Amino acid sequence: MPDSPLPMDPIAEARRQWSAHGWDPAADGMAAVTSIVRAQQILVRRIDRVLKPLGLSFARFEMLVLLSFTRGRRMPMSSASARLQVHPASVTSIVDRLERDGHVRREPHPTDGRATLIVLTEAGERLVGRAVPAVNERVFEDLGISEEDVRSLTGALARFRRAAGDFDDPHPLPEPLG
């Protein structure tokens with residue numbers, strides 16, 4: 001990744017080349033995908049600058065925040081896998097590191113002998129209390145584009161994710177009787 005801005009947009013040039021090589025029907029899609037991947041790299045770099053001094057990766061940060069949102073600061077590992085949309089082996093790796101650092105602990109599930117709960121420790125809660133404000137202030141509150149563009153981008157990506165089968169819209173609840 002360059003330390004200073006490039007003199008031109010390499011994705012715009014790639015789009016131009018795509019069209020020049022006869023691949024015009026795919027040029028906009030290539031530019032969109034490449035732009036999303038590049039934006040992801042930029043955002044991960046920003047997030048890493050904030051979280052690395054706290055000893056966290058984004059995956060461990062997400063796990064701690066997820067646990068901080070739950071009642072009792074605990075949840076089954078399988079639920080964490082579903083909520084974070086990552087493979088169970090990844091959750092195990094994330095929890096192993098957080099447990100080693102004293103931020104979570106594992107407990108047996110009280111009613112399901114096959115399940116394990118992940119529990120946020122007091123040290124984990126303190127770390128969330130430092131990490132969330134830092135990420136909010138240094139990354140999430142100012143992405144470098146307007147609030148309108150942020151909302152538009154989020155909406156477009158949500159529509160893409162829904163169409164790709166990432167999630168279903170919630171079904172309306174029935175009206176109460178009588």
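The values are calculated or read from the model by the stated rules, or taken from the named source; none is laboratory data. Only a predicted model underlies this, so the values are computations on that prediction, with no experimental measurement involved. Note: ideal-geometry Cβ built from the backbone for every residue, glycine included; neighbour counts use all protein chains shown. Keep in mind that these areas ignore ligands, DNA and RNA; they rest on the heavy atoms of the full protein, side chains included. Shrake-Rupley method; radii C 1.70, N 1.55, O 1.52, S 1.80 Å.
Points to keep in mind about this one:
- Computed label-point distance, nm, for sites GLU122 and ALA32 using a 7 Å Cα→Cβ extension: 5.1 nm
- Considering only Cα atoms, the convex hull volume of the chain works out to 211 Å³ per residue.
- Point-to-point label distance, SER19-ARG49, nm (Cα→Cβ direction, 7 Å offset): 3.3 nm
- Amide H contacts under 5 Å for MET75, placed H, 5+ residues apart: ILE118
- Residue-normalised accessible area of the chain, given per residue in Å² at a 1.4 Å probe: 71 Å²
- Sequence-distant contacts, meaning Cα pairs under 8 Å at least 6 residues apart, place the relative contact order of the chain at 17 percent.
- Computed accessible area, ILE36, all protein chains, 1.4 angstrom probe, square angstrom: 90 Å²
- Projecting the Cα positions of MET8, VAL128, PRO88 onto the charge dipole of segment 1-130 (unit charges on Cβ atoms of Lys, Arg, Asp and Glu, taken about the Cα centre) puts VAL128 furthest along the positive direction.
- Estimated dipole of segment 59-105 in Debye, rounded to 20 [Cβ of Lys and Arg +1, of Asp and Glu -1, Cα centre]: 180 debye
- Check: segment 97-172 dipole with +1 on Lys, Arg Cβ and -1 on Asp, Glu Cβ, in debye: 380 debye
- The chain, accessible surface, carbon-and-sulfur percent (1.4 angstrom probe): 56 percent
- Calculated FRET efficiency, VAL65 to ALA89, Cβ-Cβ distance, R0 = 30 Å: about 0.90 to the nearest 0.05.
- For segment 80-127, relative contact order (Cα pairs under 8 Å, six or more residues apart, normalised by length) works out to 28 percent.
- The LEU153 and ILE11 beta-carbon pair, evaluated with R₀ = 25 Å, returns a calculated FRET efficiency of approximately 0.95.
- Dipole in debye (nearest 20) - the chain, about Cα centre, beta carbon charges: Lys, Arg +1; Asp, Glu -1: 660 debye
- Point-to-point label distance, PHE58-GLU107, nm (Cα→Cβ direction, 7 Å offset): 3.1 nm
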